[in-house]
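Shown next, in structure tokens, is the structure this report addresses.
Only the coordinates and a few stated rules stand behind these numbers; no lab work does. The shown structure was predicted, so the numbers you read here are calculated from the model rather than taken from an experiment. Glycine also receives a Cβ, built like all others from the backbone with ideal geometry; neighbour counts cover every protein chain displayed.
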Amino acid sequence: MRTFTYDGFTMLELLLTLTILSAVGMLAVPTLSRHSDQAASQTTRQSMAVLRGAIMTDYRTDMFESLPYPADPARAQHPQLKYLYDNPISFAAANPDSIEATSAWTYDASTGRGWSGPYVDHAAGMRARYQANATHGFTSVYGETGDPSPVDGWCNPIVLQQPITSGGMASAKNLNHARLVSAGEDGVLQTPIDVMEPTLAQTGDDILVYLRGR
């Protein structure tokens with residue numbers, strides 16, 4: 001009977017194997033990272049398309065062609081996507097002296113007008129809590145800490161910018177330059193809020209979707 005013996009790998013063979021595996025791993029990591037970023041970018045664009053439809057088709061129809069916009073000067077004087085989730089009357093209830101408290105936000109079935117949200121699906125992973133991070137560009141202009149907000153593929157808030165102003169306040173109805181903005185892969189929101197037509201140098205890797213198609 002023939003007997004086979006096995007003495008295991010030599011040290012040289014082990015080192016060679018580890019070197020090959022390490023090289024393969026180094027090649028695989030950038031590929032996986034690239035695919036991950038591509039998936040995050042695709043998810044972001046899909047989410048922004050859903051948001052655009054919710055604002056343009058549903059919210060504006062119910063809310064007299066207005067953007068999700070805080071009427072009260074105690075709030076940040078800019079559109080806030082919070083109102084896609086929460087009826088403005090919820091702010092009015094806690095702030096009885098606010099402009100919201102004097103407005104009719106309740107849905108009227110006879111006219112088909114009034115807030116009838118939420119306008120985006122919570123189950124779709126598009127509701128998170130707003131994170132005010134000034135170092136990354138997410139200031140209180142876009143909402144207050146604790147507000148609900150949709151998120152992009154990198155789990156950062158998607159914001160609504162409306163650079164057209166009237167009397168020092170954002171115009172709630174002007175769509176010419178209104179846009180949804182994601183901070184992109186680096187997580188830093190670079191697009192200037194007051195520039196109507198930002199350049200590529202100004203937006204960096206931000207992802208922009210204009211409410212009025214381009």
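Applying 0.36 nm per residue to the separation of residue 42 and residue 133 and subtracting their alpha-carbon distance, the gain on full extension is 30.3 nm. Note on residue 14 and residue 208: their simple-model spin labels are 5.8 nm apart, each label 7 Å out from Cα toward Cβ.
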